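The values are calculated or read from the model by the stated rules, or taken from the named source; none is laboratory data. All figures in this text were calculated on a predicted structure; none of them were measured in a lab. Every residue, glycine as well, gets a Cβ built from its backbone with ideal geometry; the counts of neighbours run over all protein chains shown.
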Amino acid sequence: MRAADDLYFDIVSQIHMPTWAHGRVALVGDAAHATSFVSGQGSSVALVGAYILAGELATHADHAAAFAAYERTVRPFAEQNQALATSGAAVTIPGTREALDARNAALLNPAELMGAEFSAACTGLVLPDYGHAG
């Protein structure tokens, strides 16, 4: 490690907020519910959250009602994906060269690589159709 010219390290963290909105401000993405890079779901959960927040704002006249509906809809999905970080570390951060090679070979089928828990988290929310809004 001391001789490496390409050493990189960082912390693995998550955000667990008791509520995602206060007043006229709502949080989305990592600010509300960072899943951690170990879950592999940060961007997906952030995009789902942004879509639902926009849809709820378009369908509710009152921002507080929209924020509450957004959180009610997205929080279980976000929490399910946050839970992947504890089980996903073995896959996303392999501990041996052999495990790394096996992971890289298996990336051709990510759902199979990550297992049923990953598949369930990825499909844990059916997106509402906000086509009637705005």
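Of note:
- Qualifying residue in segment 100-113 (condition: surrounded by fewer than 16 Cβ atoms within 10 Å (Cβ to Cβ), out of contact with any Asp or Glu (no Cβ under 8 Å at 6 or more places or on another chain), acidic (Asp, Glu) and at pLDDT 85 or above): no
- Of all the residues in segment 40-69, those that are at pLDDT 90 or above and either small (Gly, Ala, Ser) or over 16 Å from Gly124 (Cβ atoms) (or both) number 20.
- The residues of segment 1-46 that are within 25 Å of Gly131 (Cβ to Cβ) and under 9 Å from the mean Cα position of the chain (by Cα), listed by number, are Gly29, Ser43, Ser44, Val45, Ala46.
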